[in-house]
Amino acid sequence: MFKTQAESEEFLRGFLPTLEETPQEREVVLCVPFTDLSVSSQNLHGSRVHLGAQNVHWEEIGAYTGEISGPMLTEIGVRYVIVGHSERRQYFGETDQTVNLRLKAAQRYGLTPILCVGETKQQRDALETESVITDQLEKDLVDVDQKNLVIAYEPIWAIGTGYTCEAKEANRVIGLIRSQLINPNVPIQYGGSVKPNNIDEIMAQPEIDGVLVGGASLEPASFSRIVNYK
């Protein structure tokens, strides 16, 4: 929940020029608040940056105050949507059942969902990481097309806590996630305190295909250093 429309435009003025030397095979997606989607869509038109939203409802229309539907997003050029982010699960009652409904709805309306999975510190300390994530995947991915999907491993204990997940450990868990999938080519990202000073090490890991960036994406210089990792 950052940036007004004016602040989003200012961000893009600083960020887009930094992509001139970014390798063409790298895909860049900005998942902005709903109020910033239209202005971002206009400013990103013709650029190499794709537009994403932060949530989607499972119905096309209806009495669901505060929600947003697939057709509302695709109409303004949105191509990706985050589903099941840890903050949605933690603060807003998101369950694996509603995550599954949102994933299927995203795909039904032509969006590529970015599914977030991950464990809490309590679960990790209890040595439940593998079972928690396996259980999430089993429930979240029922009848989901794995050819149109991105997954983000998001260790909840490493988000804004001062704790960091070592790159090799993130790589191990992402390998575990990949082993649970029908389609091993699903792009799997790491998300959790991704910063300019650790991006090179993270992206050197063989199982990690990309990153889901939080606070470090709010400043053009910081985010462009991540996008242009070495």
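The values are calculated or read from the model by the stated rules, or taken from the named source; none is laboratory data. The structure displayed is predicted, hence computed values, not measured ones. All Cβ positions, glycine included, derive from the backbone under ideal geometry; neighbour counts span all protein chains shown.
Points to keep in mind about this one:
- Screening residue 157 against (1) surrounded by 14 or more Cβ atoms within 10 Å (Cβ to Cβ); (2) at pLDDT 95 or above; (3) of a type outside the set (Lys, Arg); (4) touching a Lys or Arg at 6+ places or on another chain (Cβ under 6 Å) leaves a single unmet condition, (2).
- Residue 189 within 30 Å of residue 101 (Cβ to Cβ) and in a strand (DSSP E or B): yes
- Restricting attention to region 158-181, the residues that are in contact (Cβ under 8 Å) with a residue 12 or more places away in the chain and on the phi > 0 side of the Ramachandran plot total 1.
- Of the candidates 12, 51, 73, 16, the single residue that is under 22 Å from residue 108 (Cβ atoms), assigned to a helix (DSSP H, G or I) and modelled with pLDDT of 95 or more is 73.
- Enumeration of residues in region 77-110 that are of a type outside the set (D, E, K, R), in a loop (DSSP other than H, G, I, E, B) and out of contact with any helix residue (DSSP H, G or I) (no Cβ under 8 Å at 6 or more places or on another chain): 85, 92, 93
- Criterion (without any contact (Cβ under 8 Å) to a residue 60 or more places away in the chain and under 20 Å from residue 82 (Cβ atoms)) met by exactly one of 196, 184, 155: 155
- Qualifying residues in region 33-79 (those that are among the hydroxyl-bearing types (Ser, Thr, Tyr) and under 19 Å from residue 2 (Cβ atoms)) - the one surrounded by the fewest Cβ atoms within 10 Å (Cβ to Cβ): 35
- Region 80-113: number of residues that are of a type in the set (Phe, Trp, Tyr), without any contact (Cβ under 8 Å) to a residue 40 or more places away in the chain and either surrounded by 18 or more Cβ atoms within 10 Å (Cβ to Cβ) or touching a Gly at 6+ places or on another chain (Cβ under 8 Å) (or both): 0
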